[in-house]
1. In the range 188-221, which residues are β-branched (Val, Ile, Thr) and touching a residue at least 60 places away in the same chain (Cβ under 8 Å)?
2. Within the range 367-399, which residues are of a type in the set (Gly, Ala, Ser) and either farther than 22 Å from Leu431 by Cβ or surrounded by fewer than 21 Cβ atoms within 10 Å (Cβ to Cβ) (or both)?
3. Does the range 152-172 contain any residue that is assigned to a loop (DSSP other than H, G, I, E, B) and either hydrophobic (A, V, I, L, M, F, W, C) or within 23 Å of Thr85 (Cβ to Cβ) (or both)?
4. Restricting to the range 357-379, name every residue that is out of contact with any Leu (no Cβ under 8 Å at 6 or more places or on another chain), modelled with pLDDT of 95 or more and part of a helix (DSSP H, G or I).
5. For the range 353-383, how many residues are free of Cβ contacts under 8 Å to residues at least 24 places away in the same chain and either touching a Ser or Thr at 6+ places or on another chain (Cβ under 8 Å) or closer than 19 Å to Gly400 by Cβ (or both)?
6. Can you name every residue in the range 276-292 that is of a type outside the set (A, V, I, L, M), closer than 17 Å to Thr406 by Cβ and buried (at least 19 other Cβ atoms within 10 Å of the Cβ)?
7. Please state which of the following conditions Ala226 fails to meet, knowing it meets all the rest: (1) small (Gly, Ala, Ser); (2) out of contact with any Lys or Arg (no Cβ under 9 Å at 6 or more places or on another chain); (3) modelled with pLDDT of 95 or more; (4) buried (at least 19 other Cβ atoms within 10 Å of the Cβ).
8. Take the range 251-303 and flag every residue that is of a type in the set (Asp, Glu) and either at positive phi or assigned to a helix (DSSP H, G or I) (or both).
Amino acid sequence: MNASRQMRLGLSMRYLGYHIAAWRHPDFQPTSIVEFETYRDIARKAEAAKLDMIFFADGVAVRGSDNPAGALSRDMKNAELEPLTLLSAIAACTSRVGLVATASTTYNEPFHVARKYASLDHISKGRAGWNVVTSWSDQEAQNFNRVANLEKDERYARAAEFVQVVKGLWSSWDADAFTHDKATGQFYDPEKLHILNHKGKFFSVRGPLNSCRTPQGEPIIVQAGASSQGRDIAAEHAHVVYTNSLDVGEARTFYADLKDRAASFGRRSGEPLIMPGVTLYVGATKAEAQAKFDELQRLIDPVAGLALLYTFCGDLSAYDLDKPLPPDFFTNGISIGGNLLAKARRENLTIRQLYEDVAAGYTGRYLIGTAEDIVDDLQHWFETGAADGFNICPPILPQGMDDLATFIVPELRRRGLFRSDYEATTLRGNLGLASA
């Protein structure tokens, strides 16, 4: 291993827990999902642990459907804070940790997104990141004057142009464009203003952006799509890529493919950074870690569990939960579905086992064990070409952040795999990325 190479770590904070039954845990306060102070305090803990960033996924609808009947009322993912508003408040209470949030390219306009993230970058003094996604659910479409969502190819074509426009708007002004010369009366140098005048298939945007160049030059771009179209957007534009790989072989294949695609776009060696998601159940002993896991698993409502599978498999409520998944029920509407199908077939999981497995990591990978057990696994991925770091998706917050700081971060530092202090004041600098 390159002795100077260290892991990047992000903390995913949406819903205050990735386990579907987190809200039913005796120590969880459901009202905290919309209480700023809870998120502020977790963000401060993440900064104290020197994590690279906190991250909020987002959608512009209550995306669940009431399938099977009664499922929606058992789901905690139906009321939350808008992430850019929340991160702007957190920015005033922190000084180093990166602030990343999702904004959809399907139901936004480029000027809005460019302006909001530029503002967050200024407010935070250089810690903003935009997670680029396309919206895939009909529930989102129905909130924006449509009956159904755009077709996948159109969504991604729109997204590719959207990102180009946003980056163009972020470059409206040179870093030293604003002279503020009171003696001559010149507020900015007109030679250092660049009018975009973009005209494309989806957007016509004149510009300029009514924001000066941001502290990072541009906010960083994060991307999480696993499709070929999504990988191309990530390879050309993203600085960080979140993935949902479930095994190390699959992760290595994704890692190599994305790095190769990035090289074809002339990107700097090593970019983008690949950070698979992982949910951790950690304790001082294996038994303690297993007890934490088992406690949450016991709280899974079967109807809520079946609802987790509905998007990928259809309605399974009429089937025996303790028999394998029917082969004709898999629709694989989005890339996560393919991973689930492969795992269900490979391990011959029953329907109940599959939804329990999905609930434990909310469709992602999860680990149970001591700090040594878990860091052994993370280190193996890191050193064998599967990851540059990890997006930690705690099963429950704030407990998951406390466990990360108490167990995982000290063990990573003991092995020389993670920083003891921030290297820079900006997110771009702490990630070791080139200047914009």
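The values are calculated or read from the model by the stated rules, or taken from the named source; none is laboratory data. Since the structure is predicted, the reported quantities are computational estimates derived from the model, not experimental observations. Don't worry about glycine lacking a Cβ; one is built from the backbone with ideal geometry, like all the others, and counts go over all protein chains shown.
1. Result: Val205, Thr214, Ile220, Ile221.
2. Gly369, Ala371, Gly385, listed by residue number.
3. Just the residues of the range 152-172 that are assigned to a loop (DSSP other than H, G, I, E, B), to begin with: 171-172.
Filter once more, so that each one left must be either hydrophobic (A, V, I, L, M, F, W, C) or within 23 Å of Thr85 (Cβ to Cβ) (or both): none.
Checked against the condition, which is being assigned to a loop (DSSP other than H, G, I, E, B) and either hydrophobic (A, V, I, L, M, F, W, C) or within 23 Å of Thr85 (Cβ to Cβ) (or both), the range 152-172 yields no hits at all.
4. Across the range 357-379, the qualifying residues are Ala371, Glu372, Asp376.
5. Keep residues of the range 353-383 that are free of Cβ contacts under 8 Å to residues at least 24 places away in the same chain, which gives 353, 357, 376-377.
The next check asks that each one be either touching a Ser or Thr at 6+ places or on another chain (Cβ under 8 Å) or closer than 19 Å to Gly400 by Cβ (or both); those that pass are 357, 377.
Residues flagged as free of Cβ contacts under 8 Å to residues at least 24 places away in the same chain and either touching a Ser or Thr at 6+ places or on another chain (Cβ under 8 Å) or closer than 19 Å to Gly400 by Cβ (or both) within the range 353-383 amount to 2.
6. Answer for the range 276-292, where residues must be of a type outside the set (A, V, I, L, M), closer than 17 Å to Thr406 by Cβ and buried (at least 19 other Cβ atoms within 10 Å of the Cβ): Thr279, Tyr281, Gly283, Lys292.
7. Unmet for Ala226, out of (1) small (Gly, Ala, Ser); (2) out of contact with any Lys or Arg (no Cβ under 9 Å at 6 or more places or on another chain); (3) modelled with pLDDT of 95 or more; (4) buried (at least 19 other Cβ atoms within 10 Å of the Cβ): (3).
8. Residues of the range 251-303 that are of a type in the set (Asp, Glu), as a first pass: 257, 260, 271, 288, 294-295, 301.
Result: Asp257, Asp260, Glu288, Asp294, Glu295.
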